[in-house]
Amino acid sequence: MVEAIFNIQNVGLTVSQRTLLANISFKVAPGEFVTITGPSGSGKSTLLLLLATLLTPTEGQIIFSGQPQQEYETTAYRRMVSYCYQQPSLFGETVEDNLAFPFQIRQKPVNHDRMIKALADVNLPADMLTKNITELSGGEKQRVALIRNLIFTPKVLLLDEITTGLDAATKDTVHQVMANFTKQGVTIITVTHDESELAAADRLITIVDGRMEVTA
């Protein structure tokens, strides 16, 4: 029997006496594509932040690859479990500044050929490397943020409504990237309202008012 890559056990989060999540329990198999859905404000993104170690549960525990999440060194964990925000957050001045970052934090030589291939994977040209981030469209920013997370392939990719507001062509490109990484065995957990992403998922988990209602 394959060990779950995530085992979420009775996880809850209470902040200032307000319960944001309660009694969340489910497992995710390696390579599975799971979509978390539900009404706005139900706690979907909060759950993703817990999986990303950007929030800490106040109840229960999250087991990752057989080990409690809190036992991992934070940077090492985040290299394995990569989180992509709904609103892309770029830094520095150029696209190259952003795509060089994954190499720098691993103390590896920057590989421009790898950067250019990553850009091509999301239908962006090689000369995009020198482009100032202030000149990018919303769709370009989202694609750069996504491939920054994927220059080094993670074990898990957490995606928080990253196709919201994108045009149809850019959505298709992002969906193709997701499909390619699924084929490589990357586990994907996404929060979305996008119908095509809901249809592509291996399993749906529905959160309503901070609680799991239905799994399919």
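Read the figures in this text as sums done on the coordinates, not as results from a lab. Keep in mind that this is a model prediction, so the values were computed, not measured. Backbone-built Cβ (ideal geometry, glycine too); neighbour counts: all protein chains shown.
With 19 Å as the limit, the listed pairs Lys155/Lys183; Lys44/Lys141; Lys27/Lys155 have Lys44/Lys141 beyond it between alpha carbons. Reported to the nearest whole Å, the Cα centre-to-centre distance from region 76-110 to region 132-160 is 9. For the peptides 124-132, 145-153, the ranking by mean Cβ contacts within 10 Å, running from highest to lowest, is 145-153, 124-132. The alpha-carbon positions of region 1-46 define a convex hull whose volume is 82 Å³ per residue. Here Val110 and Leu198 are evaluated by their C-beta separation; at R0 = 45 Å the FRET efficiency comes out at 0.75.
Between helix 168-183 and the chain there is an angle of about 70 degrees, using the helix long axis and the longest principal axis of the Cα atoms. The helix-only estimate of mean residue ellipticity at 222 nm for the chain, built from DSSP H runs of length n ≥ 4 each weighted as -39500 (n - 2.57), is -9500 deg cm²/dmol after division by the residue total.
Once the C-beta distance of Gln17 and Asp97 is scaled by a Förster radius of 30 Å, the resulting FRET efficiency is 0.10 to the nearest 0.05.
Anisotropy class assigned to region 19-96 is oblate, per the alpha carbon gyration tensor with a/c at or over the 1.5 cut-off and a/b no larger than b/c.
Convex hull volume of the Cα atoms of region 113-166, normalised per residue: 79 Å³.
One quarter of the convex hull surface built on the alpha carbon atoms of region 47-178 amounts to 8.6 nm², the projected area averaged over directions.
Database remark: amide H of Ile162 closer than 5 angstrom to no amide H (H placed geometrically; neighbours at sequence offset of 5 or more, or on other chains; Pro and chain starts carry no H).
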